[in-house]
Each structure stands twice: as structure tokens, then as C-alpha cells.
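Asker: Take a look at the following structure, please.
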Amino acid sequence: MPTDTKRVRGPEASQSPLLFWSRPAEVLPSHGPRADGRQRDQVDVRPVFVRCGLVSQAKGSAYIEAGNTKVLCCVYGPRETERKDETDMKSGRLTTDMRFAPFSCPERGSWIQGSQDKDFSLMLQESLQPAVCLHKYPRSQIEVNVMVLENSGSVLAHAVTCASMALADAGIEMYDLVLGCSLRQDGGSYVVDPTYLEENSWRSGRREKRGGLTVAFLPSLNQVSGLQSDGEMAEETLTAGIRTCIEGCYKLYPVIQQALIKAVRRAAPPPAES
């Protein structure tokens, strides 16, 4: 019997569909230590691994890993603006594009940019633009592309930090680095640098104030370049949350500085032999 060469043969071994059945969101307690051992109501961020210059095709690149959150950023330019009607004779143009890999979330996504990706891209641009010296690059554009390889919470804050490192690695003139930190309010307590489960665990039947906050901060200038908030938060809680996020950015600052220093030393030519 002739075989059908156009038919794709299935695997020899298969798994039950129940193995991939989506489980309901886990309900996390609102008191006591967190699931990963960190404490509530404290500026307790996850350990961070950062590296610059991983993508050789880009002008500058950076990779950041915080817990299971993994973000990669590439910077291209400055180069000529593609559309002449958008050319500014006195200042450059910063474009951002943030996307989630299809395998980055528990629910598989698409390569097509969705509404969440567009919102994050806009927030990323608004956070980075005050720190870049765009007047140094007239009639040019700088492209920042961020790819989220794995989303395990606080992805926007880490994307801001990663993009800032990539801009510095590309040699783009900046007033200061931009660092990001997130906070999640859960009733009377809060968690800094929340995980994916902490961001998406909603308890039914409890009328507690819940909200999220992401701050983009310039540590050397002591200025906030971006602020994104959602949910229900009181004015006093929002003010205290901003101070807490700024403190979290200061904790991250030495790690980013050391990563950039190591990148400069690797790129520097070896000393000439006398």
C-alpha cells in the first residue's frame, strides 16, 4: 500500500490531554513569608543576574534574569529615520517595541503584538525618553527591542532596567540610567518585586484594596521618569509605595553598575606590550 508522503506522522508516544489541563490560579496567603522565602512589607527583591553585549548583531544588548523572569533587549542605531515626515531637525526619535515570546507565559501567546504588548511598549518609551540625550542625535532614530523570554512577574520593571543597560552598552548618551521596581498591595500588606502568581492571584469574596505599582527611577538624578499604577490604592499608600520602589531601585543600582563596568573591560582592547 503506498504511503501518503504529505501526511505528517504523529509521535510514537503521546501524553494524556489532562496533563496540559490549565489549573485554576493558586490562592496565596496574605500574611507570613512569601512562597519563595522573601518577607512581606520589606524591600526584598529577587537576586538578579545581568549581562551586557550578548547579541553581536546589535549596537548594544543586555540580558537580565530575576528569579524566573528573563528579559533580553537589543538596541539598534542611531540611524536615519525611515519616514521623512517624522524627521526632527533638532532632536532624535526613540522607538520601543516590547513583545512576549509565545512560550513566556503559562498560556501560550502569539508572535503578533497584542494590546498588552503595545501598552508595555508605550510605558517603556515614556520611562526611557527622559533619560536619553535625544538632542545629540538630530534626524536620527534609536530602536529599542525587548523580548520577554519568561514572565515570572514584574516584567515591566525589569524590562525598563534591561533596556537602560542596553542603551548604555550601545554607547548612547544618557543623563542617567533608568531602573525599575514593582510593588503589589494585598490588603494591609504589600510585596516588592511580585512574582507571576502574586500578580494574578485574586481571592474572591474579600473586599480588600488591591493594586499594582511600577516606578522607573533615575538614581543619580533622584528623579522619577515613569509611573504606572493599576487597581485601587489610597493616596497615602501610593506615596509610600513610590518611596519603597525607589529604595528597591537603589538596591539594584550597584549590580547594574558592576555589570556595565565588566562589559566595558571586556570590550576594551588589551594593553600594548612594551
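Asker: In nm, what is the difference between 0.36 nm times the number of residues separating GLU173 and ALA35 and their Cα-Cα distance?
Answerer: Values: separation 138, 0.36 × 138 = 49.68 nm, distance 4.06 nm.
Here the answer is 45.6 nm.
Asker: Pop the C-beta distance of MET89 and ALA13 into the FRET formula with R0 = 51 Å and round what comes out to the nearest 0.05. Walk me through the intermediate numbers first.
Answerer: Working: r = 64 Å, r/R0 = 1.25.
That pair, MET89 with ALA13, gives E of 0.20.
Asker: When the chain is fully extended, how far beyond the present Cα-Cα distance does ILE261 get from ALA234, taking 0.36 nm per residue of separation?
Answerer: On the way: separation 27, 0.36 × 27 = 9.72 nm, distance 4.05 nm.
Here the answer is 5.7 nm.
Asker: Quick check for me: using +1 on Lys/Arg Cβ and -1 on Asp/Glu Cβ, what's the dipole size of segment 38-267 about its Cα centre, in debye to the nearest 20? Numbers along the way, then the final one.
Answerer: On the way: 27 positive and 28 negative charges, 112 e Å.
The calculated dipole for segment 38-267 is roughly 540 debye.
Asker: Multiplying the sequence separation of ARG51 and GLN113 by 0.36 nm and subtracting their Cα-Cα distance, what value in nm do you get?
Answerer: Numbers: separation 62, 0.36 × 62 = 22.32 nm, distance 2.63 nm.
Taking 0.36 nm per residue and subtracting the Cα distance, the gain is 19.7 nm.
Asker: Using square roots of five times the C-alpha gyration tensor eigenvalues, list the equivalent-ellipsoid semi-axes of segment 38-267 in whole Å, biggest first.
Answerer: Listed largest to smallest, the semi-axes of segment 38-267 are 30, 19, 18 Å.
Just so you know, all these numbers are worked out from the coordinates, no wet-lab data involved. None of these values were measured; they are calculated from a predicted model. Please note: Cβ atoms are built from the backbone with ideal geometry, for glycine as well, and neighbour counts cover all protein chains shown.
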